[in-house]
Amino acid sequence: MPKLSIKHIFFGLSMLLYIGFPIYLVAKYEALIGEGVVYRFHPEPVDPFDPFRGRYVSINYAEDRMDYPEAEAAWQKGQTVYLVPAQKADGFTEWQEVLYTQPSHSNYLETTVRRVNDEAVFFNLPFEEYFVNEKAAPQIEQFFRDREEAELAANLYAEVFIKDGKAILRDIYFYGETLETYLKNHPQAVETE
């Protein structure tokens, strides 16, 4: 039997890591989807000046803030916080609590404070990027530009899984269909110039 050299052992360990790390990431993602709680959020129209960075659409959310009298005294930009979500009567999410310390239950989102003013605290939400294929990205950008704010507010929503401080954007829906499916089924929804 041939002797294993350090090179062979190192190569074998490298390959295990090379194969094992992606498997670990997929398993972690699937566990969050399987065990996380689904919450609905209101996506807001993207910034028309910088909506794309690569192959994703930058999305803002109405739920990226919480009214908090004298927030400037309580919170600092960049501070780590733990948001406890709750479902409102309309099915959408609101932040029930903003905590300084990690809660003992699993239903929370770990994030940071983006900014504060004397009336509210604003958060960096870890699901502000909506990944799409390269062909769909320009259509989605045009779709957001063409819609009235009232139509988007009434019919557009994002579903996000939250568990143990982590969050994953499942998809964005318009009239109950994923946004990509809606655009595929309704090509007239995007005006061509």
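Annotations for the structure displayed:
- When you restrict to C-alpha pairs under 8 Å that are six or more residues apart and normalise by the size of the chain, the relative contact order lands at 24 percent.
- Cut-off 13 Å between beta-carbons: net charge of the residues surrounding Q96, Lys and Arg +1, Asp and Glu -1: -3
- The accessible area of K28, taken with all protein chains in place and a 1.4 Å probe, comes to roughly 100 Å².
- Protein heavy-atom surface of the chain, 1.4 angstrom probe: 54% of the accessible area is carbon and sulfur, with nucleic acids and ligands not counted.
- Descending semi-axes in whole angstrom, ellipsoid equivalent of the chain, from the Cα gyration tensor: 34, 27, 16
- Lys pairs, the chain - Cα-Cα below 23 angstrom, 8 or more residues apart or on other chains: 6
- Sorted peptide list for 11-23, 58-70, 120-132, 176-188, criterion being average Cβ within 10 angstrom, highest first: 120-132, 58-70, 176-188, 11-23
- Using a Förster distance of 41 Å, the FRET efficiency for I19-Q188 (Cβ separation, nearest 0.05): 0.35
- Using the 1.4 Å probe convention, the accessible area of the chain works out to 63 Å² per residue with neighbouring protein chains retained.
- Size descriptors for segment 81-147, from the alpha-carbon set: Rg then Dmax equal 16.0, 44 Å.
- With the helix formula -39500 (n - 2.57) applied to DSSP H stretches of n ≥ 4, the chain reaches a computed 222 nm mean residue ellipticity of -9500 deg cm²/dmol.
- A cut-off under 15 angstrom between Cβ atoms defines the neighbours of N117, and their net charge, with Lys, Arg +1 and Asp, Glu -1, is -2.
- Accessible area per residue (1.4 Å probe, heavy atoms of protein chains only) ranks I162, I6 as I6, I162, with the largest value leading.
- Angle between the chain longest axis and helix 136-146 axis [Cα atoms, degrees, rounded to 10]: 20
- FRET efficiency estimate (nearest 0.05) - Cβ-Cβ, K77 to Y29, R0 41 angstrom: 0.90
- Against the chain, whose longest principal axis is taken from its Cα atoms, helix 6-35 shows a tilt of about 30°.
The values are calculated or read from the model by the stated rules, or taken from the named source; none is laboratory data. The structure presented is a predicted model; accordingly, all values stated were derived computationally and were not measured. All Cβ positions, glycine included, derive from the backbone under ideal geometry; neighbour counts span all protein chains shown. Each accessible area value is taken on the protein alone, full model and side chains, heavy atoms only, with ligands, DNA and RNA left out. Shrake-Rupley method; radii C 1.70, N 1.55, O 1.52, S 1.80 Å.
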